[in-house]
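J.: Just dropping this structure here.
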Amino acid sequence: MRKVYLLCLVAFTIVINSYVADNTAIGNDLPDTTPKITHFYPNPATSYINFTFDNTVDKSYTLQVYNFIGRKMNDIRITDSKLTITLDDNYFRGLYIYQLRDQTGKIVESGKFQVSK
């Protein structure tokens, strides 16, 4: 139990530090606060999850999905205003973190969703 707690704590710290480091403002460059992901549903998901994007998201953006331990589950390039991810057998019950990244790898938006199988 102690090892699981420590592993979750380390993964959470890595994800949070990545998010905080990428979203800090430097000088007069303020981060864009408009949401790029307009909807994601169903939440909790069972076999798939849909993401719909704002019109400002171009085809150089990618959507990355991580499990709560920090393992990358998907890395998908945005090709349309709607994206469906099929939750295969590698997706177990629990929390997952999504990150929308631009062409430079900077996190534009981040959030979480739940899988209940």
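Throughout, read-outs are computed from the coordinates displayed, never taken from laboratory work. Since this is a predicted model, take the numbers as computed values, not measurements. Methodologically, a virtual Cβ is constructed for each residue, glycine included, from the backbone with ideal geometry; neighbour enumeration extends over all protein chains shown.
J.: Select from region 61-111 the residues that are under 19 Å from Pro35 (Cα atoms) and of a type in the set (Asp, Glu) and list them in ascending order.
T.: Within region 61-111, Asp80, Asp102, Glu109 qualify.
To keep it simple, each residue is scored yes or no on (1) buried (at least 18 other Cβ atoms within 10 Å of the Cβ); (2) assigned to a strand (DSSP E or B); (3) on the phi > 0 side of the Ramachandran plot.
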{"site": "Met73", "(1), (2), (3)": "no, yes, no"}
{"site": "Ile76", "(1), (2), (3)": "no, yes, no"}
{"site": "Thr79", "(1), (2), (3)": "no, no, no"}
{"site": "Asp89", "(1), (2), (3)": "no, no, no"}
{"site": "Ile97", "(1), (2), (3)": "yes, yes, no"}
{"site": "Leu100", "(1), (2), (3)": "yes, yes, no"}
{"site": "Gly105", "(1), (2), (3)": "no, no, yes"}
{"site": "Val108", "(1), (2), (3)": "yes, yes, no"}
{"site": "Gln114", "(1), (2), (3)": "no, yes, no"}
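J.: Does Ile107 satisfy the criteria of being in contact with a helix residue (DSSP H, G or I) (Cβ under 7 Å, 6 or more places away or on another chain) and among the β-branched types (Val, Ile, Thr)? Show your work before the answer.
T.: Working: in contact with a helix residue (DSSP H, G or I) (Cβ under 7 Å, 6 or more places away or on another chain): yes; among the β-branched types (Val, Ile, Thr): yes.
Here the answer is yes, as Ile107 does meet what is asked.
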